[in-house]
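Please read the structure below before turning to the comments.
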Amino acid sequence: MIKLKNVSKLYKPETQALKDVSLHIKAGEFVSIVGQSGSGKTTLAKLLFAEEKPTGGSIVIGDWDISRIRRSEIPMLRRQIGVVFQDFKLLQRKTVGENIAFALQVAGDRGKRIREVVPQVLKIVGLSDKIDRYPRQLSGGEQQRVSIARALVHRPKILVADEPTGNLDTIHSHEIIQLLKHINSYGTTIVLVTHDRDIVNALNKRVITIQEGEVASDMEHGKYKLS
Amino acid sequence: MFTSTYRLFKFAIQNFFRNFWLSFVTITIFILTLLTINAIIFLNLMANATLKSIEDKVEITVYFNIDASEDIAKASQGYLLGLPQVRDAVFISAEDATSDFREKHKTEPIILSSIDEVGGTPLGHAVVVSAHSPADFPFILEAIETPEFSPYIRNKDYQNYEDIIKNIETINGRIQIGGIVIAGFFGLIAIMIIFNTIRVAIYVHRDEIGIMKLVGANDWFIRGPFLLESIFYSLLATSAVMGGTFLFLGSFETQISNFFGEVNISVFNYFLDNGLLIFGSQFVVLTLLSVLTTWFAMRNYLKV
Ligand SMILES: Nc1ncnc2c1ncn2[C@@H]1O[C@H](COP(=O)(O)OP(=O)(O)OP(=O)(O)O)[C@@H](O)[C@H]1O
Ligand SMILES: [Mg+2]
């Protein structure tokens with residue numbers, strides 16, 4: 001599903017964020033990416049949805065080599081990869097339903113389809129009753145669930161989550177991870193970037209540790225090893 | 001496709017109202033630019049009409065001797081009508097000339113009594129010549145001096161309007177240059193304003209734009225609203241100026257034509273006949289200008 005081969009990323013002028021990273025993530029996997037602050041986790045995530053382009057090496061998603069992706073092709077890629085961030089990125093002036101509908105509208109989906117999909121994804125994240133609330137009327141965990149729901153509207157094969165629990169307390173974090181596992185159980189590949197030792201240990205899934213831009217370890221059923 | 005177009009319009013209209021004051025200022029400056037341009041057109045129209053009417057009024061009167069026969073005068077009329085430079089030549093008989101003269105001087109008893117003293121018709125026949133262009137008068141004045149007519153001609157009277165015409169042309173030229181400078185000035189400000197308006201609109205919508213990009217919005221879906229917004233500005237400004245112009249010309253039509261007296265044109269009709277061309281081309285140019293500027297602003301501030 002995701003193949004990285006000798007990928008490097010240099011931020012000008014001299015920050016070598018990633019060095020010679022090779023990875024193979026199979027369809028349906030749930031992979032955690034861990035590492036210290038500044039080790040290059042976010043950079044790796046950004047490469048997957050073409051927010052950044054690699055300086056060297058190749059990134060293949062499905063059979064699509066996105067290392068030299070053209071700007072006009074990026075929207076296509078983004079509809080196949082859902083993304084979730086620490087800060088939710090919800091529009092404060094729009095309701096939950098409108099925030100989710102927005103992702104479909106800007107992709108040119110028809111009203112009929114939008115009215116179908118929005119309740120579906122809200123149901124998946126368990127927020128069917130909050131469709132008319134504004135983000136500020138929701139808890140952090142609920143807001144993150146809205147952003148996950150939005151990431152699901154195009155039925156992506158891959159979901160990339162960069163520190164989705166970074167702003168949440170333990171209980172809400174746990175809910176979010178449960179939700180990701182639930183989504184994973186339907187076959188969606190999950191790439192989870194996280195700092196949280198407890199989460200990683202509890203997951204008992206594949207863990208890739210990044211250290212100074214390099215893959216330091218890659219273990220099935222791994223544990224969080226960094227201090 | 002329809003759904004997307006509808007949404008583009010919706011977003012564009014939202015942009016418009018969310019920055020209402022900026023939109024307002026942008027349209028105002030667009031209107032000022034257009035008003036200057038239309039004022040130039042208006043003044044130019046007036047100047048040309050004035051020139052035309054003055055040129056029409058310029059005539060040569062050829063006075064024949066009292067003893068010159070009507071045949072001679074009529075022959076010269078025919079000869080003059082044959083010249084391509086001559087627009088018209090009118091024969092005025094001695095009787096008509098005398099009564100005209102009396103009419104003209106009816107408040108001056110001394111002159112009238114001196115005519116009565118002479119008795120009969122003291123004036124000879126005359127031919128009044130008008131030309132297509134005032135520049136042809138010297139030629140016509142020459143041409144009439146043929147051996148056939150020359151001996152019978154007493155006098156040639158020619159009111160010289162050339163200085164007036166030159167003055168009007170100079171003033172009109174100055175007004176045009178001044179107008180173009182002012183229009184250019186407003187145009188420049190308009191470009192800077194629309195650039196800034198779009199820049200602010202992009203800034204205001206940065207979160208939305210960021211999210212649009214993340215969820216896979218097409219490029220044109222992100223750019224479209226801003227382009228549409230700039231087209232709205234042009235459309236609104238042109239419509240406002242067009243409406244204002246017709247309202248102004250319509251309600252002051254009589255005053256305008258009184259002011260210009262004999263100048264016999266209807267500015268209102270002129271704008272009505274050519275309105276599509278005048279305002280259409282202004283709309284097209286304004287739109288091109290603002291769309292280009294918007295594109296430039298997006299290239300700089302919209303990191304799509
Ligand atoms: N846009 C950028 N321009 C220049 N340098 C950057 C940029 N983004 C990240 N970096 C640098 O690249 C390195 C890796 O950054 P990255 O954000 O990938 O780290 P991270 O592992 O996600 O850290 P954290 O856990 O704090 O989020 C850091 O040294 C960072 O300063
Ligand atoms: Mg990070």
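The values are calculated or read from the model by the stated rules, or taken from the named source; none is laboratory data. Bear in mind the structure is a predicted one, so any value in this text is a computation, not a measurement. Ligands, DNA and RNA are stripped out before the accessible areas are found, and what is left, the full protein with its side chains, is counted by its heavy atoms. Shrake-Rupley method; radii C 1.70, N 1.55, O 1.52, S 1.80 Å.
Observations, loosely collected:
- Burial annotation for the range A:85-113: residues with an accessible-area loss of at least 40 Å² between the isolated chain and the complete set of protein chains, computed on heavy atoms with a 1.4 Å probe, are A:91, A:93, A:102, A:105, A:106.
- Relative to the globular-protein estimate of 2.2 N^0.38 Å, the Cα radius of gyration of the range B:59-157 stands at 1.14.
- Measuring nothing but protein heavy atoms, the accessible surface of the range A:68-145 at 1.4 Å probe radius is 46 percent carbon and sulfur.
- Translational diffusion coefficient (Stokes-Einstein; Kirkwood radius from C-alpha pairs) of the protein assembly as shown at 20 °C, 1.002 mPa s, in µm²/s: 70 µm²/s
- Chains B and A together, accessible area buried on both sides, 1.4 angstrom probe, square angstrom: 1800 Å²
- Residues losing 10 Å² or more accessible surface upon assembly, the range A:65-80, compared with the chain by itself, 1.4 Å: A:71, A:75, A:78, A:79
- Most mobile listed residue (B:114, B:99, B:76) in chain B, GNM with C-alpha springs under 10 Å: B:114
- Heavy-atom surface of chain B, accessible at 1.4 Å and reported per residue (Å²): 54 Å²
- Carbon/sulfur fraction of accessible area - the range B:59-157, other protein chains in place, 1.4 Å, %: 54 percent
- Summarising the amide proton neighbourhood of residue B:92: residues at separation of 5 or more, or on other chains, whose placed amide H is nearer than 5 Å comprise B:126, B:127, B:128.
- Scanning residues 5 or more positions from residue A:33 or on other chains, those with amide H under 5 Å from its amide H are A:192, A:193, A:194, A:208, with H placed 1.01 Å from N in the peptide plane.
- Accessible surface calculations at 1.4 Å, restricted to protein heavy atoms, place the range A:102-227 at 47 Å² per residue.
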